[in-house]
1. Net charge near T72, counting Lys/Arg +1 and Asp/Glu -1 over other residues with Cβ under 14 Å of its Cβ?
2. Need one number: nm distance between label points at Q33 and S64, each 7 Å from Cα along Cα→Cβ, rounded to one decimal.
3. Using 0.36 nm per residue, how much length does the chain from T72 to K99 gain when fully extended, once their Cα-Cα distance is taken away?
Amino acid sequence: MAVTGVLVVPSLAACSSNGGEDQTAYCVNAENQVVDDTNCDESRGYGGGSFFLFMAAGSFGRGSYIPTGGGTRINPADGAARASAGLPSTGKAAGTTVKSGGVGKGSGGNTGGSGS
């Protein structure tokens, strides 16, 4: 009787590219500088393409620059890309923390603050 082996290869899609750290959605401008969350809010028309959601591990306050290679930039108007990243497809997404591995998600505090 012959024995056949089965090789199980884990899917790369299930692996986190950020070393297993949770990622938070930040609202950034074209230079990856963290700006007020309302700039990525659908009620403001998503900033006319000037603002993006940036998924990054770590904590970055308003005015901070996120390193270019430090995360993933998402068009806030792209519901499919938002959902793929573990974010709500519509509504407020900046400040949302996605657990590593994409399992579950939590809501962080407001990263951009309000007012001037």
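No lab work stands behind these numbers, since they all come straight from the coordinates. In this text the structure is predicted, and so the values were computed from the model without any measurement. Note: ideal-geometry Cβ built from the backbone for every residue, glycine included; neighbour counts use all protein chains shown.
1. Neighbourhood net charge equals -1.
2. Between Q33 and S64, the label points sit 1.6 nm apart.
3. Gain on extension, T72 to K99, equals 8.2 nm.
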